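Visitor: Before anything else, here's the structure in question.
The values are calculated or read from the model by the stated rules, or taken from the named source; none is laboratory data. None of the values given here were measured: they were computed from a predicted structure. No Cβ is skipped: glycine too gets one built from the backbone with ideal geometry, and neighbour counts run over all protein chains shown.
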Amino acid sequence: MPQDDLILATRNLGKSFRGFTAVSDVNLRVRRGSIHALIGPNGAGKTTCFNLLTKFLEPTTGTILFNGIDITREKPAQIARRGVIRSFQISAVFPHLTVMENVRIGLQRQLGTAYQFWRSERSLDVLNDRAMELLEQVGLTEFAHTVTVNLPYGRKRALEIATTLAMEPELMLLDEPTQGMGHEDVDRVTQLIKKVSAGRTILMVEHNMSVVSSIADKITVLQRGAILAEGPYAEVSKDPRVMEAYMGTVDAELQGAH
């Protein structure tokens, strides 16, 4: 793959905690403009990997490159400014604000008034049009003035995607975006991820195989912190090592996706 096509790459990425290796020698290559899914059985190291990429954890070994720039030692805020935004880390964190107000806070970064809550509220009105555009994009226009705590669960996840989009991510990291959802919400959020992926790159950790099979361009399977298999879903789902890694649950999970 030409370097220009790579938005994110890791070289020999590893993380150990007091002698326990959580992530081992991971060489991840995420193609620009793709939806890339990170899957694996429980305890495979997916969340640790995400925490390393967003710098919530420091790697023990290896290098992380974003757009060819070494970001291994950068802080989470620096990486966010580069356009690597992890959803649900900045999620609907203000349950008693309206849906619209939550999105406006995500947009404040553009004004350079982030976290200056003492500023006149009118200074945020310039953001209303953009906030409404984002809400329309995620199907939440009718909920604009709903207090976030009253939103149905699946709609809260749509709001989290809107607040992530407000930060203008070049690379969006979605951590279990459909976890705990009913069938209808899963379908809605899956379609939403597909829609907002236009012109962006998405790296997601996801358990639900039907989600992964329907929208991921490439899948990386982790097992015990190392890459077990990689490729398009059709290929990976037939890999005997992947089937064995999931031990029986794979039949239900992988085959259930078809």
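Quick grid of which residues meet (1) assigned to a helix (DSSP H, G or I); (2) in contact with a Phe, Trp or Tyr (Cβ under 8 Å, 6 or more places away or on another chain); (3) charged (D, E, K, R):
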| site | (1), (2), (3) |
| --- | --- |
| ARG155 | yes, yes, yes |
| LEU165 | yes, no, no |
| PRO169 | no, no, no |
| GLN179 | no, no, no |
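Visitor: On to the next question. Name the residue, out of THR10, THR54, THR47, that is closer than 30 Å to ASP239 by Cα and at pLDDT 95 or above. Before you say what the answer is, go through the steps one by one.
Guide: Details: THR54 fails: at pLDDT 95 or above; THR47 fails: at pLDDT 95 or above.
When all the criteria are applied, what remains is THR10.
Visitor: Which condition does ARG73 not pass, out of (1) surrounded by fewer than 21 Cβ atoms within 10 Å (Cβ to Cβ); (2) assigned to a strand (DSSP E or B); (3) of a type in the set (D, E, K, R), if it passes all the others?
Guide: For ARG73, the exception is condition (2).
Visitor: What's the total number of residues in the stretch 189-235 that are in a loop (DSSP other than H, G, I, E, B), in contact (Cβ under 8 Å) with a residue 24 or more places away in the chain and more than 30 Å from GLY19 (Cα to Cα)?
Guide: Going through the stretch 189-235, the residues in a loop (DSSP other than H, G, I, E, B) turn out to be 197-200, 206-208, 216-217, 224-225, 232.
Of the ones still in play, those that are also in contact (Cβ under 8 Å) with a residue 24 or more places away in the chain are 197, 199-200, 206-208, 216-217, 224-225.
Next cut, more than 30 Å from GLY19 (Cα to Cα) only: 197, 199-200, 208, 216-217.
Counting residues in the stretch 189-235 that are in a loop (DSSP other than H, G, I, E, B), in contact (Cβ under 8 Å) with a residue 24 or more places away in the chain and more than 30 Å from GLY19 (Cα to Cα) gives 6.
Visitor: Which one is surrounded by the fewest Cβ atoms within 10 Å (Cβ to Cβ), of the residues in the stretch 179-222 that are closer than 12 Å to LEU38 by Cβ and not aliphatic (A, V, I, L, M)?
Guide: So the residue we want is HIS207.
Visitor: Let me ask something else. Looking at the stretch 201-220 only, could you name the residues that are modelled with pLDDT under 95 and touching an Asp or Glu at 6+ places or on another chain (Cβ under 7 Å)?
Guide: Result: VAL205, GLU206, HIS207, MET209, VAL212.
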